[in-house]
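Below: one structure, written as structure tokens.
The values are calculated or read from the model by the stated rules, or taken from the named source; none is laboratory data. Since the model is a prediction, treat every value here as computed from it, not as a measurement. Every residue, glycine among them, receives a Cβ derived from its backbone with ideal geometry; neighbour counts consider all protein chains shown.
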Amino acid sequence: MLWKVTEKDQLVKMLSVSSNEKQNSLAKEADSVRKRFVGDKIYFRGIIEFSNICEKDCLYCGIRKSNSNVTRFMMTEQDIMKCARWAFANGYGSIVLQSGESTSPAFLDFLIKVVQDIKKETGRTDPRGNGLGITLCVGEQKKKTYEEFFQAGAHRYLLRIETSNPELYKQLHPPECSFGNRVRCLEHLREIGYQVGTGVMIGLPGQTIEDLVDDIFFYKDIDADMIGMGPYIPHAETPLSVYAGKWNARRDELLRLSLRMVAATRLLLKDVNIAATTAMQVLHPRGREIAFEYGANIIMPILTPTRFRKDYSLYDGKPCIDENAKQCKECIAERIRSIGRNVGWNDFGDSPHFHTRVGK
Ligand code: SAH
Ligand code: SF4
């Protein structure tokens with residue numbers, strides 16, 4: 001069967017399939033579109049979760065500011081540099097610097113300096129002069145701040161819209177959070193010249209299949225270059241975990257639905273980068289590898305020093321918290337070999353969509 005994905009009702013049907021046969025045919029088609037538009041390589045973005053200090057109170061997130069059980073940390077520049085150096089020496093084309101959201105000038109100045117120093121040091125030893133690619137994922141900031149990050153050397157930014165349904169967004173966030181501002185931030189990032197990534201959580205309480213279809217059209221409308229989405233997973237110390245009982249009952253279906261979202265996004269967007277996110281692995285030990293068979297081509301191995309990992313728990317059951325960067329690299333490279341794909345070492349691995357859209 002050939003899936004057509006230009007119409008909303010076709011996508012609703014696709015995301016609603018329940019037979020194994022249809023699920024598998026969807027994977028097959030998404031996989032062949034992936035092969036044609038972005039190739040066989042899987043690119044590593046080593047993620048450094050450098051601070052869990054957050055000014056926000058998103059109702060789903062384990063490190064929200066009102067969770068007083070969290071031991072707050074902020075890595076030093078030296079610690080971050082060590083991770084970045086390791087990533088570069090180990091052939092990772094790029095890293096992601098992710099943290100809770102802070103708009104304090106001290107935090108922003110710190111991050112700008114870290115980005116500059118990583119680019120300076122790795123650029124010097126890279127024969128191509130590019131150094132390590134840097135993606136930032138530090139939430140909503142002023143346009144001027146995004147410009148400063150960009151000038152410092154960051155070239156990609158991840159900001160999930162979380163859900164494209166403004167009503168649902170309102171229910172998941174405290175009143176001071178604005179859906180409109182989140183969209184504006186994405187527009188600013190794009191205007192500045194970033195490769196822009198967004199995404200949603202799948203299986204949020206109150207979310208419908210139609211919402212998920214709208215999410216995929218949202219990606220298309222804002223012309224995203226990169227997509228990172230994964231299942232919503234409850235964290236016991238958050239207000240949204242009152243729905244955890246219901247959530248548990250549909251874990252298996254949630255994995256299948258998350259995979260269908262990856263496939264449908266690949267079929268509609270074609271030449272973007274799509275991550276097999278860590279949250280997929282919470283639902284299945286091979287969750288990330290399976291996502292590679294549904295159209296994903298990016299993975300974010302964790303580089304955060306082991307001693308900080310347990311304190312960066314956005315959701316319960318986060319995998320790999322006792323491992324170190326070397327173990328994560330070897331484990332993931334082996335998993336990729338096991339499915340017959342290969343790693344794009346020493347390469348930014350930009351989304352072809354970005355180069356097409358900026359005409360390079
Ligand atoms: N503070 C930044 C970046 C860190 S949070 C920001 O919010 O953009 C990174 C992502 O983690 C969020 O975008 C959200 O989609 C995801 N996340 C948070 N809590 C989660 C949960 N309980 N289950 C699954 N994903 C979650
Ligand atoms: Fe903070 Fe991001 Fe978690 Fe929201 S999702 S509470 S902004 S870390």
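Okay, here's what the table says:
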{"read-out": "Test for K22: is it loosely packed, with under 15 Cβ neighbours inside 10 Å, out of contact with any Leu (no Cβ under 7 Å at 6 or more places or on another chain) and outside any loop (DSSP other than H, G, I, E, B)", "value": "no"}
{"read-out": "Sole exception among (1) more than 12 Å from ligand 2 (Cβ to nearest atom); (2) touching a helix residue (DSSP H, G or I) at 6+ places or on another chain (Cβ under 6 Å); (3) modelled with pLDDT of 95 or more for G131, by number", "value": "(3)"}
{"read-out": "Restricting the stretch 102-125 to residues that are under 17 Å from F348 (Cα atoms) and free of Cβ contacts under 8 Å to residues at least 40 places away in the same chain, the residue that is surrounded by the fewest Cβ atoms within 10 Å (Cβ to Cβ)", "value": "R124"}
{"read-out": "Subset of the stretch 231-259 (residues that are hydroxyl-bearing (S, T, Y) and without any contact (Cβ under 8 Å) to a residue 12 or more places away in the chain)", "value": "S241"}
{"read-out": "Flag if L59 is within 11 Å of ligand 2 (Cβ to nearest atom) and not acidic (D, E)", "value": "yes"}
{"read-out": "Qualifying residue in the stretch 88-95 (condition: hydrophobic (A, V, I, L, M, F, W, C), within 16 Å of ligand 1 (Cβ to nearest atom) and assigned to a strand (DSSP E or B))", "value": "yes"}
{"read-out": "Members of the stretch 161-181 that are on the phi < 0 side of the Ramachandran plot and either touching a Ser or Thr at 6+ places or on another chain (Cβ under 6 Å) or not in a loop (DSSP other than H, G, I, E, B) (or both)", "value": "I161, P166, E167, L168, Y169, K170, Q171, L172, F179, G180, N181"}
{"read-out": "Filtered residues of the stretch 182-214 (kept if assigned to a loop (DSSP other than H, G, I, E, B) and closer than 13 Å to K143 by Cβ)", "value": "G193, Y194"}
{"read-out": "Any hit, the stretch 138-155, residues being part of a strand (DSSP E or B), closer than 17 Å to Q98 by Cα and within 16 Å of ligand 1 (Cβ to nearest atom)", "value": "no"}
{"read-out": "Hits in the stretch 162-187 - residues which are aliphatic (A, V, I, L, M) and more than 12 Å from ligand 2 (Cβ to nearest atom)", "value": "L168, V183, L186"}
{"read-out": "From T76, T103, T122, residue being within 16 Å of ligand 2 (Cβ to nearest atom), among the hydroxyl-bearing types (S, T, Y) and over 27 Å from P234 (Cβ atoms)", "value": "T103"}
